[in-house]
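Reviewing the structure listed below.
Here, each number is a calculation from the coordinates, and none is a lab measurement. Please read these numbers as outputs of a predicted model, since none were measured by experiment. Here the Cβ is made from the backbone with ideal geometry for all residues, glycine too, and neighbour counts use every protein chain on show.
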Amino acid sequence: MTIVAAIVEFAFILIPILLLTWLNSDGSEET
Amino acid sequence: MYAAHFGAGLAIKSRMWNAPTWALLVAAFLPDILWIPLATLGIESQPTAWHDDWSHSLLMVLVWATLLALLFVRRGRAVAAAIWLAVFSHFLLDLPIHPKDLALYPHSTIHLGMGLWGIGRFNYWLVESCVLVVLMIFYIRGARSHRLSVNSIAGTCVLLLALHTRFFLPF
């Protein structure tokens, strides 16, 4: 796997994680 | 599977609201997150054969789950157990359909799985759709009981379905 492919693979995982975390933050979650 | 791993993290979140969402989602994807650098370094995926024993085999998933859960013990045993379960959920969800059946341990000749990889792209989509819907129902029920806003729940479900659909598009 090339570095570029690895970055794309990471993006497909990490960007949804960020969005889902934001959508489910109710202000009470300890970070 | 792809979107179902996010669904698993959120389903566990709905039962353990004290656990950080980001941690559960990272945990649910941990074998894949580990696979990427291992494949880049040439340790996992090989040019001639699929290889993910160090990130996805049963033994290693148990190891990764335990190590990550230990990092969260100070937040309470229940949170650590939720993190552990999120990592292990990755193995359970990959068990029916994976490019190669999952090894018992690295370089083991014993492999676990249902060998459904050859059922075709659309059938794969249908199987993951069923799994995702079940996980989303768990999530919705838990999120509602914790009074998460309808907009947040709806946004989460739309995003999950979009990720699931996008993953199977040929472009």
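Data for the structure
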read-out: Dipole of segment B:3-168, positive end: most advanced residue of B:ASN151, B:ILE137, B:SER55 [Cβ charges, Cα centre]; value: B:ASN151
read-out: Dipole magnitude of segment B:3-168 about its Cα centre (Cβ charges: Lys, Arg +1; Asp, Glu -1), debye to nearest 20; value: 840
read-out: Translational diffusion coefficient (Stokes-Einstein; Kirkwood radius from C-alpha pairs) of segment B:3-168 at 20 °C, 1.002 mPa s, in µm²/s; value: 130
read-out: Inter-site label distance for B:LEU95 and B:LEU112 at 7 Å from Cα along Cβ, in nm; value: 0.6
read-out: Principal axis dimensions, largest first and in whole angstrom, of the protein assembly as shown by Cα; value: 50, 39, 32
read-out: Hypothetical label at B:LEU59: residues of segment B:98-140 whose amide nitrogen lies under 15 Å (7 Å Cα-Cβ projection); value: B:102-112
